[in-house]
Amino acid sequence: MTSNEEAAGRQGLPKIQTDKSHDEICHDDSVPTVKAQTIDELHSLQMKKSAPSTPTPDKTQDVAFAPPSGQERQKQQLQSISASLASLTRGYGPKLVKGDPARKAETAGVSHVTQHPAHGTPTISVSDSSLKFTHVLYNLSPAELYEQAIKYEKGSFITSTGALATLSGAKTGRSPKDKRVVKDETTQDDLWWGKGSPNIEMDEQTFMVNRERAVDYLNSLEKVFVNDQFLNWDPQNRIKVRIVSARAYHSLFMHNMCIRPTPEELENFGTPDFTIYNAGQFPCNRYTHYMTSSTSIDLNLARREMVILGTQYAGEMKKGLFSVMHYLMPKRQILSLHSGSNMGKDGDVALFFGLSGTGKTTLSTDHNRFLIGDDEHCWSDTGVSNIEGGCYAKCIDLSREKEPDIWNAIKFGTVLENVVFEEHTREVDYTDKSVTENTRAAYPIEFIPNAKLPCVGPHPKNVILLACDAFGVLPPVSKLSLAQTMYHFISGYTALVAGTEDGIKEPQATFSACFGAAFIMLHPTKYAAMLAEKMQKHGATGWLVNTGWSGGRYGVGSRIKLAHTRKIIDAIHSGSLLNANYKKTEVFGLEIPSEIEGVPSDILDPVNTWADKDAYNETLLKLAGLFKNNFEVFVSHKIGIDNNLAEEILAAGPVF
Ligand SMILES: Nc1ncnc2c1ncn2[C@@H]1O[C@H](COP(=O)(O)OP(=O)(O)OP(=O)(O)O)[C@@H](O)[C@H]1O
Ligand SMILES: O=C([O-])CC(=O)C(=O)O
Ligand SMILES: [Ca+2]
Ligand SMILES: [Mn+2]
């Protein structure tokens, strides 16, 4: 107190007198006090250490047969991660310690591992990197990842519904032109290369240069996130993946998108089958051979590794792993598919194929059916299995009324990418495209109330091909012959409307083989042949559903109402559409129904909805021409199904 204040006090308020006449001690409240003597002790009481999830070995057991102790297992785990992060020139990995570097008290007692060169002589540190420790944040929980993101990553906020809003940085979509695949003796013959292929080659040496760059970057950090998780719900064909990343956002994204191991599964995880090094904040070196920008997404199938430099868009990890599955699964006679999948109460399964934005997630998330998965599946001899453990929904113009299950899934634990929210209330404005049109929500599949867990189902009954036709000439629904299904599957038509692929802003017709050419590794006809064989064997019916324009092309007509598309899909699922009356359209030769419950009949034949019939015919022929041009490369290609079908497929395209 200053003397002025003292003076003011003396003049103003009366001096407080404490009554010391009573003997009792004065308590400021009546509740019992905490058991801690110091603040640090109090804080140490707040958090319980996680209990070990497997019993500690019985001391009386023979030591040789005893499972490793908790400490031993921790050490093995760190050794495995250190090996993952090893620089290939130095031959050994970084010194690791588990836990958050900000919580010194917690990490101090944890054992650390150093891996020295094989010859075993004591090493004299010749580089600064071998003097430092890297903290490993291993399979953190969503709550822990939220804290990491909010504390350390600019642009991380909790929205009013509890989701974690994040920014993916300069890239808000995938960069297919920056994808590279190592061409070696094996992949040279196995993979699809050249015109139309997504696999742009790089050599082994260049891969190593980029790998070293990513690993050095990650090792230079104080801490890295490591996720050990699974892909594929089919237990016989499960793949173990490790994701090393620098951002809590990336770790939470993959926590949601891959299958989450139980504590027991995690303890017995062992060596991963595939590892991603995500150094997305750090660019590749543009002077490196094969590099055409600062972004590089590199896949090395022989080493079972992927390196990401120069893009923080999390979808690269998801779709990078999907590419890997597109290689590994067909080797086992299992078909990998860019499709959603759901199942009715009677066990009828539907697949939803389609390029980005055509409705796989929206239409497979159906309140009346069980969701198996929204984007990536396998079709094996035993049925369908989801590759992933979560969904990745487009959020632009999301509404509670039209997509209630997706709306409700955006809660605590969900990653919300690139959305705009109100500064104070943190309410998200889903119509706002200020950051990007490709706003996304990534959530665990359990967030959908009627998810089918485990995410597997029997053989599909319906195969629905979705196309968002910006020309407005494809019918809202057509029933396909097997040959037509193959023709449209190989064509993979849509008109891209939004910017999922970086740089595409204006709508434009796209053909992408197997409805996902960006991710396939083998020639499209290999997947098509497998699909034909499976559909034939299990008696599945193919459908083409236009979720795009009606009443004119983009700019003139409007997008088909989601409510109408849902009615069409309902009629496919129930089997009622199979028995409707059909007529064949001109040019594309598509079978279209005359009526569907809940859908205005006049929209079923697109010619009815166009005011200008000449414009309709002109546009129809234009689109048919685009189909024909696109299919030319496949005409010379032998489609490895029986010869009759191969010829039928060629004849199943537009005739004009
Ligand atoms: N008639 C319609 N049918 C389906 N979707 C529609 C329709 N009209 C508008 N939409 C909107 O189109 C978008 C479809 O996106 P969705 O997330 O389902 O794409 P996707 O096929 O899953 O793509 P990706 O592979 O990129 O995840 C949603 O935003 C949905 O609200
Ligand atoms: O990969 C992405 O960014 C989103 C997606 O599902 C797709 O494009 O098919
Ligand atoms: Ca999707
Ligand atoms: Mn997709």
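The values are calculated or read from the model by the stated rules, or taken from the named source; none is laboratory data. Note that the coordinates shown come from a computational prediction; the quantities given were computed from them, not determined experimentally. Cβ: placed from backbone, ideal geometry, glycine included. Neighbour counts: every protein chain shown. Areas reflect the complete protein model, heavy atoms only, side chains present, ligands, DNA and RNA absent. Shrake-Rupley method; radii C 1.70, N 1.55, O 1.52, S 1.80 Å.
I'm checking my understanding of the structure. Among residues of the stretch 337-372 that are closer than 17 Å to Ala540 by Cα and away from ligand 3 (no atom under 16 Å from the Cβ), which one is surrounded by the fewest Cβ atoms within 10 Å (Cβ to Cβ)? Result: Asp346. Given (1) open to solvent by 10 Å² or more (accessible area, probe 1.4 Å); (2) touching a residue at least 24 places away in the same chain (Cβ under 8 Å); (3) farther than 30 Å from Glu427 by Cβ, identify the lone condition not met by Leu167. (3) is the only condition that Leu167 fails. Taken as a whole, the stretch 175-194 holds at least one residue that is open to solvent by 20 Å² or more (accessible area, probe 1.4 Å), among the small types (Gly, Ala, Ser), assigned by TED's automatic domain parsing to the domain that holds Ser294 and modelled with pLDDT under 95.
Residues in the stretch 383-402 that are touching a residue at least 60 places away in the same chain (Cβ under 8 Å), in contact with a helix residue (DSSP H, G or I) (Cβ under 8 Å, 6 or more places away or on another chain) and away from ligand 2 (no atom under 13 Å from the Cβ): Ser385, Asn386, Gly389, Lys402.
To keep it simple, each residue is scored yes or no on (1) within 16 Å of ligand 3 (Cβ to nearest atom); (2) assigned to a loop (DSSP other than H, G, I, E, B); (3) modelled with pLDDT under 95; (4) buried (at least 17 other Cβ atoms within 10 Å of the Cβ).
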site: Ile520; (1), (2), (3), (4): no, yes, no, yes
site: Gln536; (1), (2), (3), (4): no, no, no, no
site: Gly555; (1), (2), (3), (4): no, yes, yes, no
site: Ile569; (1), (2), (3), (4): yes, no, no, yes
site: Leu578; (1), (2), (3), (4): no, no, no, no
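Being free of Cβ contacts under 8 Å to residues at least 12 places away in the same chain, surrounded by 11 or more Cβ atoms within 10 Å (Cβ to Cβ) and in the same structural domain as Val473 (by TED's automatic domain parsing) is true of Asn617. Among residues that are crowded, with 24+ Cβ neighbours inside 10 Å, within 15 Å of ligand 4 (Cβ to nearest atom) and farther than 20 Å from Leu466 by Cα, Glu376 is not included. Screening Thr485, Thr431 for residues that are modelled with pLDDT of 95 or more, more than 16 Å from ligand 2 (Cβ to nearest atom) and surrounded by fewer than 19 Cβ atoms within 10 Å (Cβ to Cβ) leaves exactly one candidate, Thr431. Restricting to the stretch 331-359, and then to whatever is within 16 Å of ligand 2 (Cβ to nearest atom) and assigned to a loop (DSSP other than H, G, I, E, B), can you tell me which residue is nearest to Lys319 (Cα to Cα)? Among them, the one singled out is His338.
Where strands (runs of 3 or more DSSP E) sit wholly within the stretch 371-481, those with at least 2 residues that are more than 11 Å from ligand 1 (Cβ to nearest atom) occupy 377-380, 383-386, 415-417, 440-444, 460-467, 477-480. Looking only at the stretch 276-321, residues that are polar (S, T, N, Q), assigned to a strand (DSSP E or B) and crowded, with 23+ Cβ neighbours inside 10 Å come to 2 in all.
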